[in-house]
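Quick notes on the structure that follows.
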Amino acid sequence: MPAVPASFRGRLLLLVAVGLAARLLYALVVMDGAGVRGDGEQFRLLALGLADGEGYRQPRVVAMSDVPTADKPPLYPLMLAIPSVLGWTSIEAHRIASCLMGAALVAGLGLLGRRLGGDRIALAAAGIAAVYPPLVVLDGAVRSESLYA
């Protein structure tokens, strides 16, 4: 059995890896073949539109398909547009991008916890965020919560 890293950095990186693994397992195995609905679908469509150079346009409104929108927060679709510009436009690609944002949340909470309460608080916060079911599930559903947290 491998040893747990002794340094704070090593332990935090281990928790980030656990958080990323949990998110990818949920997003790519549990959600395999499942579509995205609601806000997740709108975020995806906004991202695809951004990647195609259409800007922030209202997705799937038949009568008003060329209407600019501010309905959804702009940063999350912009982040999802990055893999889309590279040709990775599938639901799985967007789920992976969202999982990476969730792993960044784990790291951010660890660093914030260290600043506010020391190493033990930091690692506890990162450990909880790594496996906290609502955060894991939201990344698989292509929702913006991890990024905005």
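The values are calculated or read from the model by the stated rules, or taken from the named source; none is laboratory data. What you see is a predicted model; the values in this text were computed from it and never measured. Cβ sites come from the backbone with ideal geometry, for glycine too, and all protein chains shown count toward neighbours. All accessible areas refer to the heavy atoms of the entire protein, side chains included, with ligands and DNA or RNA removed. Shrake-Rupley method; radii C 1.70, N 1.55, O 1.52, S 1.80 Å.
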Here's a check for you: in the stretch 119-141, which residue that is aliphatic (A, V, I, L, M) and under 13 Å from the mean Cα position of the chain (by Cα) is most open to solvent (accessible area, probe 1.4 Å)? Val137
Name the residues in the stretch 18-46 that are small (Gly, Ala, Ser), at pLDDT 90 or above and over 15 Å from Leu135 (Cα atoms), would you? none
Can you tell me which of (1) in contact with a helix residue (DSSP H, G or I) (Cβ under 6 Å, 6 or more places away or on another chain); (2) surrounded by fewer than 16 Cβ atoms within 10 Å (Cβ to Cβ); (3) closer than 13 Å to Val16 by Cα is the one Gly110 doesn't meet? (2)
Determine whether the stretch 56-77 contains at least one residue that is closer than 19 Å to Leu24 by Cα and either under 15 Å from the mean Cα position of the chain (by Cα) or open to solvent by less than 30 Å² (accessible area, probe 1.4 Å) (or both). yes
Tabulated pairs, the stretch 3-29, first assigned to a helix (DSSP H, G or I), second among the acidic types (Asp, Glu) and open to solvent by less than 50 Å² (accessible area, probe 1.4 Å), C-beta under 8 angstrom, 6+ apart or interchain: Arg23/Asp139; Tyr26/Asp139; Ala27/Asp139
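Mind telling me which of the residues Ser98, Ser144, Ser84 ends up being open to solvent by less than 30 Å² (accessible area, probe 1.4 Å) and touching a Pro at 6+ places or on another chain (Cβ under 9 Å)? Full working, then the answer.
Numbers: Ser98 fails: touching a Pro at 6+ places or on another chain (Cβ under 9 Å); Ser84 fails: touching a Pro at 6+ places or on another chain (Cβ under 9 Å).
Result of the check over Ser98, Ser144, Ser84: Ser144.
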